[in-house]
Amino acid sequence: MIPQKHTGKVAVVTGASSGMGQEFARRLANEGADLVLASRHPATETEQMVKEAGRKAVTQSCDVTSADDVQALAEATQSQFGRCDILVNNAGIYPFQPFAEMSFEDWRKVFSVNLDALFFTCQAFLPMLKQHGWGRIINVSSTVCWSVAPNVTHYTAAKMGVIGFTRALATEVADAGITVNAVAPGLVRTGTTESGEQSEMFDMVKQMQAIHRTAETDDVASVVSFLASEDSRFMTGQTLSVDGGLTRF
Ligand SMILES: NC(=O)c1ccc[n+]([C@@H]2O[C@H](COP(=O)([O-])OP(=O)(O)OC[C@H]3O[C@@H](n4cnc5c(N)ncnc54)[C@H](O)[C@@H]3O)[C@@H](O)[C@H]2O)c1
């Protein structure tokens, strides 16, 4: 068999049962990785996709806001595969709430899933990532950090935190052979965006982008795959916008 981009690698994807997480898992498996699928909901469909790609999949129920669940996820990864090379912190929530109506509980919940979870996963997986002197951490932020939208102050602040965390952690783990980067997608078609308030924004966002079409999950998965690969070896602490040119720096 011809080696693929991720042959011999084990990738952990959080929020792998749907949307972008599902596509990230499928893409990494199609390119040779075995997968640990972490999800609150059964990731049966994703598991099937990984198996169809001829790779191994382990599914683990995991609420990323629970330190115990994340520790159990790391232990399951170690016992099933004995290694972790790629960690994709994808799980996230993005409820629309005007700031004036937002409770501190609402604020904390959004921070807890989108940012605090990275504390748990990175702490739990770094020892394994360090084992082979090579590792990739990929965090999912959002271009909302620059494009700025109403009713998502908590989400925007948390995703900005993801960028800061990415930059800071990159400095601490580079000597261990680990890179830490983030992707910042624009508005991407997923089950959640199609059924939520974002569904009314597709046409407007498409017009604002340089590339006038709606982003599909695979548009982001290809960038995640690049960041997960050896090809991105001299990049760390970076955030790549994947938004059809909605934001341009
Ligand atoms: N879709 C977009 O337009 C868009 C744009 C920018 C960034 N993002 C980010 O991309 C990521 C994926 O979003 P999506 O659009 O695919 O949404 P989605 O709702 O399809 O997927 C999110 C996944 O996270 C999981 N999840 C939520 N809370 C969790 C928890 N506490 N523990 C474990 N899993 C949990 C959900 O079950 C789901 O599988 C999120 O971080 C989101 O903020 C999405």
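Does F104 satisfy the criteria of being among the aromatic types (F, W, Y) and either more than 19 Å from T192 (Cα to Cα) or open to solvent by 60 Å² or more (accessible area, probe 1.4 Å) (or both)? Taking the combined requirement at face value, the residue satisfies it. Restricting D116, D63, D69 to those that are acidic (D, E), touching a Cys at 6+ places or on another chain (Cβ under 7 Å) and either closer than 25 Å to E200 by Cα or without any contact (Cβ under 8 Å) to a residue 60 or more places away in the chain (or both) reduces the list to D69.
All of A33, A25, A29, A11 fail the test of being within 15 Å of the ligand (Cβ to nearest atom), modelled with pLDDT of 95 or more and in contact with a strand residue (DSSP E or B) (Cβ under 9 Å, 6 or more places away or on another chain), apart from A25.
Condition check: surrounded by 17 or more Cβ atoms within 10 Å (Cβ to Cβ) and more than 9 Å from the ligand (Cβ to nearest atom). Does T179 satisfy that? So T179 fits the description; yes. For residues that are aliphatic (A, V, I, L, M) and open to solvent by 10 Å² or more (accessible area, probe 1.4 Å), tally how many sit in the stretch 22-63. Qualifying residue count for the region: 4.
Yes or no: P3 exposed (fewer than 15 other Cβ atoms within 10 Å of the Cβ) and either hydrophobic (A, V, I, L, M, F, W, C) or more than 21 Å from F226 (Cβ to Cβ) (or both)? When the stated conditions are applied, P3 does not pass them. Filtered by the rule that a residue be touching a Phe, Trp or Tyr at 6+ places or on another chain (Cβ under 9 Å), assigned to a loop (DSSP other than H, G, I, E, B) and within 14 Å of the ligand (Cβ to nearest atom), the stretch 59-95 gives V64, T65, S66, N90, G92, I93, Y94, P95.
The values are calculated or read from the model by the stated rules, or taken from the named source; none is laboratory data. Given the structure is predicted, the values throughout are model-derived calculations rather than measurements. Please note: Cβ atoms are built from the backbone with ideal geometry, for glycine as well, and neighbour counts cover all protein chains shown. Accessible surface areas use protein heavy atoms only, side chains included; no ligands, DNA or RNA. Shrake-Rupley method; radii C 1.70, N 1.55, O 1.52, S 1.80 Å.
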